1. For K120, only one of the following conditions fails: (1) surrounded by fewer than 21 Cβ atoms within 10 Å (Cβ to Cβ); (2) assigned to a helix (DSSP H, G or I); (3) touching a residue at least 40 places away in the same chain (Cβ under 8 Å); (4) not acidic (D, E). What is its number?
2. Report, ordered by the first and then the second residue, all pairs with beta carbons closer than 6 Å, sequence separation of six or more or different chains, a first member in segment 124-143 that is in contact (Cβ under 8 Å) with a residue 60 or more places away in the chain, and a second member that is surrounded by fewer than 20 Cβ atoms within 10 Å (Cβ to Cβ) and part of a helix (DSSP H, G or I).
3. Among the residues of segment 289-317, which ones are in contact with a Pro (Cβ under 7 Å, 6 or more places away or on another chain) and within 17 Å of V244 (Cα to Cα)?
4. Any residue at all in segment 68-80 that is at pLDDT 50 or above and over 30 Å from C184 (Cα atoms)?
5. Could you list, in sequence order, all residues of segment 130-149 that are small (G, A, S) and closer than 13 Å to F110 by Cα?
6. Kindly indicate whether any position in segment 212-219 is aromatic (F, W, Y) and modelled with pLDDT under 85.
7. For segment 189-214, which positions are farther than 20 Å from Y174 by Cβ and either part of a helix (DSSP H, G or I) or small (G, A, S) (or both)?
Amino acid sequence: MCHSPDEQYRTYNILLILSQSCCKLLSRNSLGTTDCFGTKQQLQNTNIFIKCMIERSHLSLMENRKQNARELWNVTFYDDVPAYLSFHEPVLQSLIIFICTAGLVEAGFFIWSLGFCLKKVNMVTTYFLNLAVAEFGLFAFLLVLAALSIAECAPKLKMPVVYLLFFAYTAAVYFLTVISVERCLGVLFPIWNRTKRPTRTSSILSFLVWSTAGFLSGITMCFHYVWSYHHSVTMIRIICSGNVLILTPLVVVSSLISFIDNFSRKPLPKMLRTNQSLRLIFFIFFAMPLSFFYFMDWLGYTFPAMFMWISFLLTCINSTMNPLIHYVLGGQWKRWKSGRT
């Protein structure tokens, strides 16, 4: 049976400890005669032999780790796609490039409109402005990642782009969650929301969202450059698992509460019902598949790389549709037009 260098190294260490213990016991024995483990001289020879084997195993282990570190730079991100699926990856990447290009124009338009063309900034416009900035970064970094994957160039640049992409993705998901919870609080406590809600709450929450996303992405990048690639992937899995286990139930519960409360008080307009339904559907089936991909990977269910690119494509579609669903169908567009300079 073949054993890895790590297992051999641990085995030799255990044998060395046992041999040294026997030598100490025999040195205390004044007779120094044979024992069930052999004579004192034989144990010393065994000690020397085991030390030599440990040194050889340690050198072999370090050489294997250096070889693995060199090989990591030569592989693509999640380069484990089978041959029968590899043809579809460039197609998905091309679609991502096309959608990201359109999304950059859309996000740039909303940043310009909400950031420079409004007389007064309120809670809604603050969140949507920050969401547009996060989605602009998501489109930009995903466009670069797809282009590098198609061109198969600059492998060392690919991992920093991935970390920046997850920074923008995490911020966008957090802002979607905050918007959903704020709408729920506005429905449940309308008087408090209009009169007693602090005016700077939106700005403070936006700062906390950016700080949290930057902190998590910074830790992930530090794990990659200080320790190893595998530690950074583990951190990405933890972040995505938190999105699945915490943010998704929070969005689902807040959306259902706001929908039921609105519907119980008075009949909702058809457009508003459509808006609330689309917000929940797009968050679960378009924004969360990327987090679900890494959550299942953390549980041991490894999918081909094509599913990761499908998740990226769904994330692009979600970010493209978010301004239309949350702002246009939500009735904020008319208020925006009336508040323009």
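1. All conditions are met except number (2).
2. V124/Q332; A132/I111; F139/L104
3. The initial filter retains those residues of segment 289-317 that are in contact with a Pro (Cβ under 7 Å, 6 or more places away or on another chain), namely 304, 311, 314.
If the condition is that a residue be in contact with a Pro (Cβ under 7 Å, 6 or more places away or on another chain) and within 17 Å of V244 (Cα to Cα), then S311, L314 are the ones that fit.
4. Just the residues of segment 68-80 that are at pLDDT 50 or above, to begin with: none.
Taking every residue of segment 68-80 in turn, none turns out to be at pLDDT 50 or above and over 30 Å from C184 (Cα atoms).
5. Of everything in segment 130-149, those that are small (G, A, S) and closer than 13 Å to F110 by Cα turn out to be A132, A134.
6. Among the residues of segment 212-219, not one is aromatic (F, W, Y) and modelled with pLDDT under 85, which makes the answer no.
7. Answer for segment 189-214, where residues must be farther than 20 Å from Y174 by Cβ and either part of a helix (DSSP H, G or I) or small (G, A, S) (or both): P190, I191, W192, N193, R194, T195, K196.
The values are calculated or read from the model by the stated rules, or taken from the named source; none is laboratory data. Only a predicted model underlies this, so the values are computations on that prediction, with no experimental measurement involved. Because the Cβ atoms are built from the backbone with ideal geometry, glycine has one as well, and the counts that use them run over all protein chains shown.
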